[in-house]
Structures are given as structure tokens and as C-alpha cells.
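Colleague: Could you have a look at this structure, given as C-alpha cells, before my questions?
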Amino acid sequence: MGERLPEPHPLLQVTDLSIRIGSVGENLVDGVSLRMNAGETLCIVGESGCGKSLTALALMGLLPTPPLRLMSGRAEFGGQDLFSLSSQDLNHIRGGEMAMIFQEPMTSLNPALTIGEQIAESVRRHRGGTRTEALDRALEMLRRVRIPAPEKRLGEYPHQMSGGMRQRAMIAMALANDPRLLIADEPTTALDVTVQQQVLDLIRALQAETGAGLVLITHDLGVVAEMADQVAVMYAGRIVESGPVAAIFDDPQHPYTIGLMSSMPALGARSGRLVTIPGIVPPANAMPKGCRFAARCPFAMPDCAKAPPLADLGGGHRVACWNAPLEQAFPAMAVAG
Amino acid sequence: MLSFLGRRVLIAIPTVLLISVFVFALQKFLPGDPVLALAGEDRNPEMLAFLREKYRLNDPLYLQYFHWIGNALRGDLGISLRTQQPVLELIGQKLPVTVQLAVMALIFAVVIGIPAGVISAYKKGTWIDWLANIISLSGLSVPNFWLGIMLILLVSVKLGWLPASGYQPLTEDPLQSLRTMLMPAFVLGSGLAATLMRHTRSAMLGVLQSDYVRTARAKGLNERTVVLKHALRNALVPIVTVVTLLFGELLAGAVLTEQIFTIPGFGKLVVDAVFNRDYAVVQGIVLCTAIAFIAMNILADALYRILNPRMRDQ
Ligand SMILES: Nc1ncnc2c1ncn2[C@@H]1O[C@H](COP(=O)(O)OP(=O)(O)OP(=O)(O)O)[C@@H](O)[C@H]1O
Ligand code: SF4
Ligand SMILES: [Mg+2]
């Protein structure tokens, strides 16, 4: 690597985001920092309950507060600080420049409104125009997400569609206003295995068409390998490792990431949830003070009672582990890994 | 939708017939001889026999029933033993008064109860929510007659703003009619408003946490649209059912409220008829009430289907 060029202005930069439930206990999301450039795909990966959705919801200003509380953090999107915007300015951005697809396709659409209406109202909110124009745009979007018989679907209600079709409709809704950033929270988890790949392919194709940046949340390393430019691995509310996708897959440094990799079935297979690392995630009310992975970590040592910082190993590859880089701590690993 | 309504009306017919048998039977087993009541002081046996014959009280019961229901189907519900007026005419005179009272009360209930429920759910845990809950709790616990009397004392006697009684038909003097009905309707509607507020609040609390409300916010819609278009619309589905169930309460309350404000409505007709053993009138009233109930239910079901697209395909 030669001279480091000044990095381009990021599309999204999150710094030290912490979220807590109520006023006592430990943070559910603790000091999360993320950074991505326009048009890139950032994958956030981690086991169920590690705070991926909370992070995404916080960025959209959708955290249920109370009971949850934003304790600290800054989120810059296109130069604006999302957390200090007025609700009016925030409403201007969300659904417009920044849109989100949710984890629950079956319940995320309003059962009392037609699909067409639900897409069109978002279009009118951000672009103005007549109802007819908005419905035209909705129809165009339904075509683009390859929903069969889009004219008919426009007047249908969510209960008349399958989960996969609903998620496509959600994608159509989210992309209707050409966002610069799309946050997709486990968009395929709730879907049939056969449909999952189709929906992922669709998201990737549309992203290529529109040039939107993508924050893709998943618990599936196969998806990460397929989609990501940048990766952030989360464990129990913290980022434990992050960096370019090649660095993470070729040279995983955090014991948790390594555990994930070795429990990954085979690249591309969508079935396995990542739960084969022995032990369980510490519950929110019993978070260890130091490294949150210590109870499950084969390399744990006395030092690990202090929380390790997310340290840069070079090339944007960051790891939060006292033993990183592992090759130095355990020279034998270099061969074994 | 039309075929749905048609089907529901067809299904309702046997129900109405069953109710008519029940009403007729109940009436016959009540203690007291209507002929004695009718004859009053004049108890001479010939007179009694004549009256028995005239009102077919000597026929076997089933014949009396067929006679009655046959006439009823032709719109002849018999003659009031007391006033000698056709029952249908009596009902036709009194029913509109009560319907006006009930409709005005329902409007009060909806206009107060639903917005209060929406606001208190949206502002859950704030002083506004507390206030709304305290008011609705008082609305539920204050008896109608007490509220009625207090209002009469305050608004009519002390302030002289509204008349305490003196009903005017809507057709003759609409403004005066509305003025005289305002207090009774408020008294009758207040309890319903309280019930409606509580149901609206709990329905809204559930809906406001739903994923689709989160989606609506994610689209950048303003809170007004999120709450009214996305949340309330779905919360209305269970609320419509509650309103239907309130219909019975509304009728019972109307009878009482008419007594407090001396309104010459259905309530007075019912009370007079029962005390005087005026069989024909009681039968007519119960039959009409039953039909009104069934009609309300059909209406509510129709509304339910309009609000809830998931019901429409079934
Ligand atoms: N509304 C809430 N109230 C209380 N706790 C919550 C709430 N939402 C999330 N949590 C808790 O916060 C933690 C992180 O939740 P989050 O939904 O972000 O997990 P996730 O990484 O998205 O998991 P999954 O893969 O299952 O979606 C979990 O322990 C969860 O129980
Ligand atoms: S800091 Fe210690 S406990 Fe935590 S991952 Fe590294 S070695 Fe394991
Ligand atoms: Mg989640």
C-alpha cells in the first residue's frame, strides 16, 4: 500500500452509537461506529439479539422510545447529523434519501390499504404530484421489482400476497423515491429458502441500477460474502471486527468472527443460523464489564476483564481483541487458521 | 357486498320468527289478566266474556299466535288494550323520538369517545392520558339519573340555557327539538363515550406499536397521517364491534333518560304498556326492538367488512 489518499466524504458515518433500555443496566448497543461510502454495501452481521435492528432503527429515528433510549452517538448522513434534525427535517429524509426494508414482511404493510396506495403515498410525500402520477410511479416500481401482474397488484391488499411478494412490494416502496441509502434489515430471513436468493438478487440488481448505498443486515455469512464491500461483525451490542470484505474473510482476527466462519455451512447455503459456537450470548442484564465475548472465548485471559478497543490493524481492518493480531499472540495459529 | 347483505337479511328471518314465538309465549305466561285490567271497575261477567271474545283470548294459544303473526306480517300489530290505537301507529309515533335521542347520543359518544381514546393512547403516560382516563372513569361510574338531574339543576334551573323538558318533534320545530334533546342525549351519550374511549385507547395502543405504523413513519409521513390514516383506520375495526354491542346499553339507557327528562318516547311507551299489561303493545315493542337489533348487527358487519379488507374475500 502506498500513500494513503484522503478518504472520500462518506455517505454514512456513525460514531459511538449507544442504546439502552430504561435507565439501568448495560447498553444494548454499545459504542457502535460505522462508515460507508456512496454506492457501497455495508453488511452488519451477527447472531440474533446482538443489536443489529436497534442500530438500523436508530438511524431511521424509529427506535421505540420509551422503553429504549439513545444514550450517545452521532450519525452523519450526507453531511447532516441525523440525531439532531427536527422531526420535520427527518421526515424529509426518511422515505426519501434514506429508506428501510424491515425484517417482518408479513406485518410491515398496512392491512387496510392497497399496495398501490401504500407506495403512492410515499411518492406523493416526497415528490408531490397528483395521485395518478404517484400511482403510475407505484406501478413502475412494482414492475421493477418483478412482481407478476403489477396492474392487478396495485389494487390488492397485503393479505392477498405471499411473503416474498410483500417483501418485493416493500422494496418497491423503499426505492420509489430513489434513495441514496437503503437499509435492509434481514430482508430475507422470514422468507422461504427458495425465495431468499431471488430477493437478494433483486436487491443487488436494483442497487446496481440506482447506485444506492446499501446497509444490509444479516446473520448469514454466505450473504455477506456475496453482497458486501464492507463488513461489520457485531457481538452483544458491540462491533468486534470490521473492514473490507476481503480482509474479514481472508484474515479473520476476532475469535468470534473465526467461530462464525468455522460454523458457516458452505458459502452460498442459506439455511444455517450461526449458533454453533459453544455457550450463549450474555443476557442484557448480565453483560460482563470487559470483553463481552469472554465467556465463550477459547483465548480469554485475565486482561480480557477490560473492554478491548476497536484497533486498526491497517487497511481499515479493525478488531476489538486483546490478542489481535492472533498470529503474533499465537504463532501456531498462522498455520492452523 | 350486496349479496352479503342479502344473505344476512335471509338468515335474519328465522331469527325474527323465533323471537316472535318467544315474545308471544312469554307474554302468555306472565301473571295477571289483561281483561281485568281493561275492564277496570266494571267487572260484570258479560263484559269480561265479551272482551275475551273480542280479543280472541279464548282461542287455543297456537291459533292466537298464528293470528297475531299473520296480522303482524301485514303490518297489523293489533290494538292497544288501553288507548284503542293501533300498535303500529303508537310505535310509529314514539319510535322517532327515541331514535332521535339515540342517534344524538351516539354522535356525542363517537365525537367525544373516539378522539379522546386516540389522544390518550398517543399521549400514553402523560397528564393528558391521566386526565382522559379520570374523566372516562367518572363517566362510567356516575349514574345517568344523577347526571341528568344535576344537569337540569345547573343548565336549566340555574343558568336557563336549555329547557329541562318539553319535547318538540324534529319535523315541527327542528331547532327547538335539537335544543330539548341536547341534554338528554349528552346524559345518555356520556357513559357510552367513556366506554368507547377505553376501547379506542386500547385498540390504538396495540395498533400504534404495529410494524406497519413503523413502516408509515419510515416513509417520512407526518404524525397526523401516521395516526389517523394508518393507525386509527385499523383500530376502528374492533371499535365498530364495540359500538354494536353498545346498542343494547343505548336502548336501555334511553328508556331511563326519557323518564328523567319526561320525553314522550319509546321508553314511556314500554313502561306504560308493561304496567298496564297492554299485551299487544309490549309484543309490538319487543318485536320492533329485536328487528332493530338485528338490523344494527347487519349494519355493523357491513361496516366491519368495509374497514377490514381481509374479510371481503370470504
Ligand atoms: N422494544 C424493545 N424493548 C426491549 N428490548 C428490546 C426491544 N427491541 C430490542 N430489544 C432487545 O435489544 C437487543 C437487540 O435487539 P435487536 O432487535 O437489535 O437484535 P437483532 O440483532 O436485530 O436480532 P435478530 O437477528 O433476531 O433480528 C435484544 O436483546 C432485544 O431483546
Ligand atoms: S479480548 Fe479476550 S475474551 Fe475478548 S475476544 Fe479477545 S481474547 Fe477473547
Ligand atoms: Mg433484527
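Colleague: Using the alpha carbon gyration tensor of chain A, what are the three equivalent-ellipsoid semi-axes (square root of 5 times each eigenvalue), largest first, in whole Å?
Modeller: Ellipsoid half-lengths, sorted descending, are 36, 21, 19 Å.
Colleague: Need the C-alpha centroid separation for the stretch B:129-184 versus the stretch B:4-19, integer Å.
Modeller: When both Cα centres are located, 37 Å separates them.
Colleague: At a Förster distance of 25 Å, what's the computed FRET efficiency of B:GLU41 paired with B:GLU89, Cβ-Cβ distance as r, to 0.05?
Modeller: 0.35
Colleague: Okay, next question. Return the FRET efficiency for the residue pair B:ARG56, B:ARG179: r is the Cβ-Cβ distance, R0 is 41 Å, and the value is rounded to the nearest 0.05.
Modeller: About 0.35, to the nearest 0.05.
Colleague: Here is a further query. Do you know the relative contact order of the stretch A:1-97, to the nearest whole percent, from alpha carbon pairs under 8 angstrom that are 6+ apart? Walk me through the numbers on the way to the answer.
Modeller: Values: 135 pairs, mean separation 31.6, N = 97.
It comes to 33 percent, rounded to a whole number.
Colleague: If you count the DSSP beta bridges with both ends in the protein assembly as shown, what percent of them are antiparallel, to the nearest 5? The partial results should precede the final answer.
Modeller: Details: 26 of 45 bridges.
Bridges in the protein assembly as shown that DSSP calls antiparallel: roughly 60 percent.
Colleague: Could you rank A:ARG168, B:ARG7, B:ARG217, A:ARG35 by how accessible they are, 1.4 Å probe, largest area first?
Modeller: B:ARG7, A:ARG35, B:ARG217, A:ARG168
Colleague: How high is the relative contact order of chain A, given as a whole-number percent (alpha carbon pairs under 8 Å, six or more residues apart)?
Modeller: On the way: 624 pairs, mean separation 65.1, N = 337.
Relative contact order comes out at 19 percent.
Colleague: To the nearest whole percent, what portion of all C-alpha pairs in the stretch B:87-312 is separated by more than 27 angstrom?
Modeller: Tail fraction, whole percent: 43.
Colleague: Then there is this: Sorted from largest to smallest, which semi-axis lengths in Å does the alpha carbon gyration tensor of the stretch A:108-178 give for its equivalent ellipsoid, taking the root of 5 times each eigenvalue?
Modeller: Listed largest to smallest, the semi-axes of the stretch A:108-178 are 17, 12, 11 Å.
Colleague: Compute the acute angle (0 to 90°) between the alpha-carbon long axis of helix A:193-210 and the principal axis of greatest extent of the alpha-carbon atoms of chain A; round to the nearest 10°.
Modeller: 80 degrees
Colleague: So, one more: To the nearest 20 debye, what charge dipole does the protein assembly as shown have about its Cα centre, counting +1 at the Cβ of each Lys and Arg and -1 at the Cβ of each Asp and Glu?
Modeller: Around 880 debye, computed over the protein assembly as shown.
Colleague: Amide H of A:THR41: which non-local residues (sequence gap of 5 or more, or other chain) have their own amide H closer than 5 Å, using H built in the peptide plane?
Modeller: A:LEU214, A:ASP229, A:GLN230
Colleague: Once the Cα atoms of helix B:233-260 and of chain B are each reduced to a long axis, what angle between those two axes, in degrees from 0 to 90 to the nearest 10, is obtained?
Modeller: Value to nearest ten degrees: 40.
Colleague: Which stretch or stretches of the stretch A:89-125 have amide N atoms under 14 Å from the point lying 7 Å from A:GLN198's Cα along the Cα→Cβ direction?
Modeller: none
Colleague: Taking a 1.4 Å probe, which of B:LYS229, B:LYS54, B:LYS219 shows the most accessible area, and what order do the others take after it?
Modeller: Solvent-accessible surface, decreasing: B:LYS54, B:LYS229, B:LYS219.
Colleague: To the nearest 100 Å², how much accessible surface do chains A and B hide from each other in total, with a 1.4 Å probe? Please report the intermediate quantities before stating the final value.
Modeller: Numbers: alone 15280 and 17700 Å², together 30910 Å².
Using a 1.4 Å probe on protein heavy atoms, the buried area is about 2100 Å².
Colleague: Compute the angle between helix B:279-307 and the longest alpha-carbon principal axis of chain B, please, reported from 0 to 90 degrees and rounded to the nearest 10.
Modeller: Tilt relative to chain B: about 20 degrees.
Colleague: Per the helix-only calculation at 222 nm, which mean residue ellipticity applies to chain B, given -39500 (n - 2.57) for every DSSP H run of n ≥ 4 and division by its residues, nearest 500 deg cm²/dmol?
Modeller: -24500 deg cm²/dmol
Colleague: Between B:SER156 and B:PHE29, what is the spin-label point distance in nm, taking each point 7 Å from the Cα along the Cα→C-beta axis?
Modeller: Calculated label separation equals 4.1 nm.
Colleague: P(r) tail for the stretch A:199-263, what percent of Cα pairs lie past 17 Å?
Modeller: Beyond 17 Å sits 41 percent of the P(r) for the stretch A:199-263.
Colleague: Related question: How many times 2.2 N^0.38 Å is the alpha carbon radius of gyration of the protein assembly as shown?
Modeller: Working: Rg = 35.2 Å, N = 651, 2.2 N^0.38 = 25.8 Å.
So the Cα radius of gyration is 1.37 times the expected 2.2 N^0.38 Å.
Colleague: Given a Förster radius of 30 Å and the C-beta distance between B:LEU245 and A:MET106 as r, what FRET efficiency does 1/(1 + (r/R0)^6) yield to the nearest 0.05?
Modeller: 0.50
Colleague: Another question, then. Could you list, in their original order, any pairs among A:LYS52/B:LYS123; B:LYS28/B:LYS54; A:LYS52/B:LYS124; A:LYS52/A:LYS152; B:LYS123/B:LYS229 whose Cα atoms are separated by more than 24 Å?
Modeller: Correct reply: A:LYS52/B:LYS123; A:LYS52/B:LYS124; A:LYS52/A:LYS152.
Colleague: Can I ask one more? Compare A:GLY95, A:GLY315, A:GLY213 in a GNM of chain A, Cα atoms joined below 10 Å, and give the one with the largest fluctuation.
Modeller: Comparing A:GLY95, A:GLY315, A:GLY213 in a Gaussian network model of chain A, the most mobile one is A:GLY315.
Colleague: Could you grab the relative contact order for the stretch A:43-152? Cα pairs under 8 Å, six or more apart, rounded to a whole percent. Intermediate results must be reported in sequence, preceding the final value.
Modeller: Working: 55 pairs, mean separation 15.7, N = 110.
It comes to 14 percent, rounded to a whole number.
The values are calculated or read from the model by the stated rules, or taken from the named source; none is laboratory data. A quick note: this is a predicted structure, and the numbers were derived from the prediction, not measured. Positions of Cβ are generated from backbone atoms using ideal geometry, with glycine treated the same way; all protein chains shown enter the neighbour counts. Heads up: the accessible areas ignore ligands, DNA and RNA and are worked out on the full protein's heavy atoms, side chains in. Shrake-Rupley method; radii C 1.70, N 1.55, O 1.52, S 1.80 Å.
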